[in-house]
Amino acid sequence: SHSARAAIPSRCRALRSTQQMLRLPTSGAVAALVAAKGGRAGFTAAAQSAWVGQSVRAVCAGCAPVTFAGRPRDSSQGSGGCTLAAAAVAAAALAALGSGRDVVGAARCEGRENRPVLVVGSLNADIIIEINRFPKQGETLNTRTADTGIMVPGGKGANQAVAAARLSTGTGREAQFVCQLGNDAHANTLEKVLLDNGLNISACGHADKPSGQAFIFLEANGSNSILIVGGSNVAWPKALSPELVGLVRGASAVLLQREIPEYVNEAVAEIAEKAGVPVVLDVGGEERPFADSLLQRLTYICPNETELERLSGQPTSTEAQIVAAAKKLQVKGVKNLLVTLGGDGAILIEESGKVTRQSACAVPGGKIVDTTGAGDCFRAAFTVALVEGRPLHECLRFASAAGAITVSRMGAIPSLPTREECHKLLEHGRL
């Protein structure tokens, strides 16, 4: 493991001796040596857990880049000693030695399995209005049904957070959500929905503004048009709270959207990049230009074909045009593009140039009821599968199933599927 070896000078004779005496591969010898040199071979289980909790996530080779420069060193070891983070890896590794597992692999898993998915974004009170058509100027029309106009929880951030929570159920991975709650009656209802879905919302703020709202005009074929009232979603503090900074650094991935101020997205993306945390940004929301610095910090940017056309200034009517438009953005420093195409599925254009096509999953029941939140759910599902270490083509399949279930039901958050439902659809073709 590069992370473990970086802690010990390559000329260290003790490394070879340890490797020979313990008959371990290099990675295991490094781990054992680090702990032994620090006098920590006799760690109790509780102490091991504490060290791992503090440091192993920062050094885990599968989760974040390893940067030893500037980290505190154990003074008892002199200039050639290991860092605190490397000792944490060793402590976790030693706990696994007796089980016969790969010691560095065990330390890596300790870091990955419990790192939450973090969503930073918007929370809205969605007002769904079912219509037959839009009125012309000066015209008054009735809605399609008399009892429409109800409020359901939504917002791109909340949709993704609840989707991540439901799709992670049973895996031991927590979903965290940070937003700005409003000061009106909607806020209590919305907060309860978040908590009822098992989200950690401890770092959410409280703005002196009403909750954000979305007026969703839903046509009979399931398509929609949306007007957003920013409310509390645009009332973020100018600086990120220490709590949010800590959550970003400790996440397995961060999901962002564009229904909150851009300075929030830029600050979160900068912190995440420095911590080696993947950033997935949904282009949907307010139409505004991207700073190149933000684009370069994103691991995945997720537009639909219309948004990709606007970003690239190129047509996106065909698959070839979509790939060409994506490559134009990659010249600016964008790494991977995940382009959603509605009923035509999705296309993933990787940094390496590889293109993967994902067809749309069959909609349960055969009828599209409401497309609200489907793209949010697709991206959340992709991210959940991604941090679980699944191959990218499996991430796309899982996301496609999640999106298909979402459009088969009414509302945004109420329609979001469970993990079990997605697996059932993929395995049996029905719910």
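7 Å from Cα along Cα→Cβ at both GLU351 and ASP292: what's the point-to-point distance in nm?
1.8 nm
Ignoring ligands, DNA and RNA, what percent of the accessible area of segment 108-208 is carbon or sulfur (1.4 Å)?
47 percent
Find the Rg to Rh ratio for segment 200-326, where Rh is the Kirkwood radius over alpha-carbon pairs and Rg uses the same atoms.
1.00
Taking all protein chains as present, what is the carbon and sulfur share of the accessible area of segment 293-372, in % to the nearest whole number, probe 1.4 Å?
Working: 1790 of 3630 Å².
Here carbon and sulfur together make up 49 percent of the probe-accessible area.
Viscosity 1.002 mPa s, temperature 20 °C: give me the Stokes-Einstein translational D for segment 320-431 in µm²/s, with Rh taken as the Kirkwood radius over C-alpha pairs. Don't jump to the answer; show the numbers that get you there.
On the way: Rh = 14.3 Å.
Answer from the Stokes-Einstein relation: 149 µm²/s.
What does the charge count around SER352 come to, taking other residues whose C-beta lies under 13 Å from its C-beta (Lys +1, Arg +1, Asp -1, Glu -1)? Don't jump to the answer; show the numbers that get you there.
On the way: positive: LYS327, LYS335, LYS354; negative: GLU350, GLU351.
Neighbourhood net charge equals +1.
With the crude spin-label approximation of a point 7 Å out along Cα→Cβ, what separation in nm comes out for ASP208 versus SER223?
Reported label-point gap for ASP208 and SER223 is 4.4 nm.
Taking the Cα centre of each part, how many Å lie between segment 219-248 and segment 265-295?
14 Å
On the first, second and third principal axes, largest extent first, how far apart are the outermost C-alpha atoms of segment 210-279 in Å?
Extents along the principal axes: 46, 26, 16 Å.
Might you tell me the accessible area per residue for segment 274-362, computed with a 1.4 Å probe and given in Å²? Mind showing how you got there, number by number?
Details: 3920 Å² over 89 residues.
About 44 Å² of surface per residue is accessible.
Take every Cα pair under 8 Å in segment 244-300 that's 6+ residues apart, average their separations, divide by the length, and report that relative contact order as a whole percent. Let's see the in-between values first.
Values: 71 pairs, mean separation 22.3, N = 57.
With pairs under 8 Å counted, the relative contact order is 39 percent.
List the relative contact order of segment 203-255 as a percent without decimals, with contacts defined as Cα pairs under 8 Å and 6+ residues apart.
Working: 44 pairs, mean separation 17.9, N = 53.
Relative contact order comes out at 34 percent.
Of LYS156/LYS238; LYS238/LYS327; LYS136/LYS328; LYS136/LYS238, which ones are farther than 32 Å apart at the Cα?
Values: LYS156/LYS238 21 Å; LYS238/LYS327 34 Å; LYS136/LYS328 39 Å; LYS136/LYS238 41 Å.
Violating the 32 Å limit, Cα to Cα: LYS238/LYS327; LYS136/LYS328; LYS136/LYS238.
The values are calculated or read from the model by the stated rules, or taken from the named source; none is laboratory data. Here the structure is a predicted model, which is why all the values come from computation and not from measurement. Neighbour counts run over all protein chains shown; Cβ positions are idealised from the backbone, glycine included. The protein model used for the area step is the full one, side chains on, heavy atoms only, and it has no ligands, DNA or RNA in it. Shrake-Rupley method; radii C 1.70, N 1.55, O 1.52, S 1.80 Å.
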